[in-house]
Amino acid sequence: MINRYESGSLVNTLYCSKCLKTYNLNEIQTFATCCDKPLVFSYHLEKKTSKTIINNDIKSIWRYASFLPILSIKNIISLGEGLTPTSKIEILGKFINHEHLYLKDESGNPTGSFKARGLSVAVSKLKELGIQKCIIPTAGNAGGALAAYCAKANIEATIIIPRHTPKVFKDECAIYGAHLILVDGLINDCGTKAKALNKNGDYFDMSTLKEPYRLEGKKIMGYEIAEYFNWDLPDFIFYPAGGGTGLIGIWKAFQEMIALGWIKNKLPKMIAVQSSNCAPIKEAYKDSINWKEKFNPEPSIANGLAVPYPFGMDLMLNVIKESHGEVCTIEEEKIKETVHFFSQKEGILISPEGAATFMALSHLKNKGTVGKEDRVLLLNTGSGYKYIENVV
Ligand SMILES: Cc1ncc(COP(=O)(O)O)c(C=O)c1O
Ligand SMILES: [Zn+2]
């Protein structure tokens, strides 16, 4: 029998993404220790489920509470995340001779990025599980979002961030009352520091995909995309991938909507966009066994893309393969130029991560991968305002 929780959640199991072993979803969980892989939630999904299950009275990701793992409404910590606009990009579309070009703009989320979606769900779950302290290694945006949601939940947050990250990313964490630790290096070095600080298990570790809750919040982007396109998904989605929660989450939403009978089996090709300074997906795509040997990651002005060793690599590679997508890397100089170009043409101060998706489309059009009539969606995952000191 379906166990429907007070929140309306249809959550069913929590399982290892590799061997499918199940874990108790009513206890604190991190990752699947059986295979050292991310844990993933499943839901009771039945064909022909009515879309009235979407609660349109709620103006945030929580209108999809049925497909989120929070069991009681009283634990929800929301700042109005999600329901971001999608619009046609006409001026730049004309410029590159592409009529069906759309942008989902995540910059209006609380703390200025899509990270708010994942952290709303994760911090709500911490509250539900009675956790008081958490720690996060971050490339920037996730730290600010965690700080804000923890402030509202009255949970202690420790944020470990590369020293070279633009000042505003660090300052916002401090203003929200989080503890801030600066590290010389990239997010993986921050991860090492977090592990050392947490050797006694005092904190809940919020590292990307080392816990299963953030993915669920991010996946709601997939539901919103389907809604915007009237349940007939675009041909391509260009996504700036770092740790991979967005890419994996959007794809997870599509699988769930197939199970619900809401969309057809023709899914978009998923294009993972990275900076040439740090493109582990590209390396792993070429050689999934030995890629780390020759890999030399460097910082990027698109901070969110400087994630050298993503824990969810296998899941990202699966999404790209299953969707017949590909990886596309963009040079740093091109990303910077595109931030200016995009902003000047469209009046949207795009993040470097979002700008990279536009360049990637231009490349794949030149290569012939994307056809003139294809419907293409770009994701602007964050606000460009936070990066200004690096892009002027
Ligand atoms: C603006 C922005 N875009 C993209 C990413 C990559 O996110 P994901 O973990 O979903 O790959 C990040 C991560 O920090 C980010 O801040
Ligand atoms: Zn396993």
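The values are calculated or read from the model by the stated rules, or taken from the named source; none is laboratory data. Quantities reported herein were computed from a predicted structural model and do not represent experimental measurements. All Cβ positions, glycine included, derive from the backbone under ideal geometry; neighbour counts span all protein chains shown. The protein model used for the area step is the full one, side chains on, heavy atoms only, and it has no ligands, DNA or RNA in it. Shrake-Rupley method; radii C 1.70, N 1.55, O 1.52, S 1.80 Å.
Would it be correct to say that residue 6 is out of contact with any Lys or Arg (no Cβ under 6 Å at 6 or more places or on another chain), in a loop (DSSP other than H, G, I, E, B) and not small (Gly, Ala, Ser)?
Details: out of contact with any Lys or Arg (no Cβ under 6 Å at 6 or more places or on another chain): yes; in a loop (DSSP other than H, G, I, E, B): yes; not small (Gly, Ala, Ser): yes.
Yes.
For the subset of region 93-133 comprising residues that are open to solvent by 40 Å² or more (accessible area, probe 1.4 Å) and of a type in the set (Gly, Ala, Ser), which member is nearest to ligand 1 (Cβ to nearest atom)?
108
Of all residues in region 193-238, which are hydroxyl-bearing (Ser, Thr, Tyr) and assigned to a loop (DSSP other than H, G, I, E, B)?
Selection gives 203, 207, 208.
When you go through 197, 260, 186 one by one, which is the residue that is buried (at least 17 other Cβ atoms within 10 Å of the Cβ), outside the structural domain of residue 381 (by TED's automatic domain parsing) and in contact (Cβ under 8 Å) with a residue 12 or more places away in the chain? Steps first, please.
Working: 197 fails: buried (at least 17 other Cβ atoms within 10 Å of the Cβ); 260 fails: outside the structural domain of residue 381 (by TED's automatic domain parsing).
Residue meeting the stated conditions: 186.
Check off (1) more than 19 Å from residue 121 (Cβ to Cβ); (2) modelled with pLDDT of 95 or more; (3) more than 16 Å from ligand 2 (Cβ to nearest atom); (4) among the hydrophobic types (A, V, I, L, M, F, W, C) for residue 65 and give me the number that stays unchecked.
Unmet for residue 65, out of (1) more than 19 Å from residue 121 (Cβ to Cβ); (2) modelled with pLDDT of 95 or more; (3) more than 16 Å from ligand 2 (Cβ to nearest atom); (4) among the hydrophobic types (A, V, I, L, M, F, W, C): (1).
Since residue 46 meets every condition but one in (1) open to solvent by 20 Å² or more (accessible area, probe 1.4 Å); (2) within 16 Å of ligand 2 (Cβ to nearest atom); (3) outside any strand (DSSP E or B), which condition does it not meet?
Failing condition for residue 46: (2).
Give the residue, chosen from 239, 228, that is open to solvent by less than 10 Å² (accessible area, probe 1.4 Å), modelled with pLDDT of 95 or more and within 20 Å of residue 107 (Cα to Cα). It would help to see each step written out before you state the result.
Working: 228 fails: open to solvent by less than 10 Å² (accessible area, probe 1.4 Å).
After ruling out the rest, the residue left standing is 239.
Can you pull out the residues in region 263-296 that are in a loop (DSSP other than H, G, I, E, B), open to solvent by 40 Å² or more (accessible area, probe 1.4 Å) and within 30 Å of residue 47 (Cα to Cα)?
264, 265, 266
State whether the residues of region 34-43 include one that is at pLDDT 95 or above, part of a loop (DSSP other than H, G, I, E, B), away from ligand 1 (no atom under 16 Å from the Cβ) and in contact with a helix residue (DSSP H, G or I) (Cβ under 8 Å, 6 or more places away or on another chain).
Let us first name the residues in region 34-43 that are at pLDDT 95 or above, namely 34-43.
Now restrict to residues that are part of a loop (DSSP other than H, G, I, E, B): 34-36, 38.
Keeping just the survivors that are away from ligand 1 (no atom under 16 Å from the Cβ) gives 34-36.
Filter once more, so that each one left must be in contact with a helix residue (DSSP H, G or I) (Cβ under 8 Å, 6 or more places away or on another chain): none.
No; the residues of region 34-43 include none that is at pLDDT 95 or above, part of a loop (DSSP other than H, G, I, E, B), away from ligand 1 (no atom under 16 Å from the Cβ) and in contact with a helix residue (DSSP H, G or I) (Cβ under 8 Å, 6 or more places away or on another chain).
For residue 12, indicate whether it is in contact (Cβ under 8 Å) with a residue 24 or more places away in the chain and on the phi < 0 side of the Ramachandran plot. Even if it seems obvious, please write down each step before you answer.
On the way: in contact (Cβ under 8 Å) with a residue 24 or more places away in the chain: yes; on the phi < 0 side of the Ramachandran plot: yes.
When the stated conditions are applied, residue 12 passes them.
Could you tell me which numbered condition residue 265 fails, if it satisfies all but one of (1) touching a residue at least 24 places away in the same chain (Cβ under 8 Å); (2) under 21 Å from residue 248 (Cα atoms)?
(1)
Can you confirm whether region 200-208 contains a residue that is on the phi > 0 side of the Ramachandran plot, open to solvent by 50 Å² or more (accessible area, probe 1.4 Å) and either within 16 Å of ligand 1 (Cβ to nearest atom) or not polar (S, T, N, Q) (or both)? If you could, list the steps in order and put the result at the bottom.
Step one: filter region 200-208 for residues on the phi > 0 side of the Ramachandran plot, giving 201.
Remaining after also requiring open to solvent by 50 Å² or more (accessible area, probe 1.4 Å): 201.
Still in the running and either within 16 Å of ligand 1 (Cβ to nearest atom) or not polar (S, T, N, Q) (or both): 201.
The answer is yes; a qualifying residue exists.
Could you check region 63-80 and list, in sequence order, the residues that are of a type outside the set (Ser, Thr, Tyr), in contact (Cβ under 8 Å) with a residue 40 or more places away in the chain and open to solvent by less than 20 Å² (accessible area, probe 1.4 Å)?
Narrowing region 63-80 to residues of a type outside the set (Ser, Thr, Tyr): 63, 65, 67-71, 73-77, 79-80.
Remaining after also requiring in contact (Cβ under 8 Å) with a residue 40 or more places away in the chain: 65, 67-71, 73, 75-77, 79.
Of everything in region 63-80, those that are of a type outside the set (Ser, Thr, Tyr), in contact (Cβ under 8 Å) with a residue 40 or more places away in the chain and open to solvent by less than 20 Å² (accessible area, probe 1.4 Å) turn out to be 65, 67, 68, 69, 70, 75, 77.
Which of the residues belonging to region 13-43 are among the small types (Gly, Ala, Ser) and within 13 Å of ligand 2 (Cβ to nearest atom)? Walk me through how you get there before you give the answer.
Initially, region 13-43 is screened for residues among the small types (Gly, Ala, Ser), giving 17, 32, 42.
Across region 13-43, the qualifying residues are 17, 32.
With the condition kept exactly as written, say whether any residue in region 91-106 is within 20 Å of residue 240 (Cβ to Cβ), hydroxyl-bearing (Ser, Thr, Tyr), out of contact with any Gly (no Cβ under 7 Å at 6 or more places or on another chain) and at pLDDT 95 or above.
yes
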